[in-house]
Amino acid sequence: MNRFTLFFTLVTLFFIHNNVFAATYDVEMLNKRDDGEKMVYSEDVLYVDLNDTVNWLTTSPGHNVEFISAPESAVLPKKPSKVNKEFSYTFDEPGIYLYQCSPHKSMGMIALVVVDGDLSNIDDIASTRVVGKSKKKLEALIAGL
Ligand SMILES: [Cu+2]
């Protein structure tokens, strides 16, 4: 194997690796979580790698996913996901993503996804307007990052 072939092989393996090993995570949308919290996602903060996908599952009825803050370069869905429908999103820009459940946004039903451990947009996340019980919850989530 000459140097060029070796280089080409390594580059190819790198790209195959990125696609084959991209992970998929499930987040449940819940009326009640094991810890007693109500109207909540199963993960308050989910850490994923670039190009990983998250599936939000309709374990309990009546919930959805509405992104309200994200890295500037992220291309987000234009509308909130449909209530009672499973929803998937692949995170292809690093940074913090903040989302809420449209029907329960005032009840603290918000959560974060952190992609590639990148906290560079934390100030944008912290200054995002959330309502009701979500204000305190967002402060707590950010404090825990
Ligand atoms: Cu909800």
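No value in this document is a laboratory result; all are computed from the given coordinates. Please read all numbers here as calculations on a predicted model, not as lab measurements. Neighbour counts are summed over all protein chains in view; Cβ atoms, including those assigned to glycine, are modelled from backbone coordinates with ideal geometry.
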Just rank Val131, Val83, Val75, Val113, fewest to most, by other beta-carbon atoms within 10 angstrom.
Val75, Val131, Val83, Val113
Measure nothing fancy, just the Cα-based angle from helix 3-20's long axis to the longest principal axis of the chain, in degrees from 0 to 90, nearest 10.
20
Give the order of Met39, Met109 when sorted by the count of other beta carbons within 10 angstrom, beginning with the fewest.
Met39, Met109
Could you give the length gained on full extension between Lys136 and Glu72, defined as 0.36 nm per residue of separation minus the Cα-Cα distance, in nm?
20.6 nm
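All other residues with a Cβ under 11 Å from the Cβ of Phe21 taken together, and with Lys, Arg as +1 and Asp, Glu as -1, what is their net charge? Intermediate results must be reported in sequence, preceding the final value.
Numbers: positive: none; negative: Asp49, Asp52.
Around Phe21, the surrounding residues sum to -2.
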If each K or R counts +1 and each D or E counts -1, the residues other than Pro103 whose Cβ falls under 14 Å of its Cβ total +4
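Ratio of the chain's C-alpha Rg to 2.2 N^0.38 Å, to two decimals? All intermediate terms of the calculation are to be shown ahead of the outcome.
Numbers: Rg = 17.5 Å, N = 145, 2.2 N^0.38 = 14.6 Å.
That ratio works out to 1.20.
Exposure proxy check: Asp52, Asp35, Asp44 ranked by fewest other beta carbons within 10 Å?
Ascending number of Cβ neighbours within 10 Å: Asp35, Asp44, Asp52.
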Over the stretch 23-143, what is the relative contact order in whole percent, taking alpha-carbon pairs under 8 Å and six or more residues apart?
26
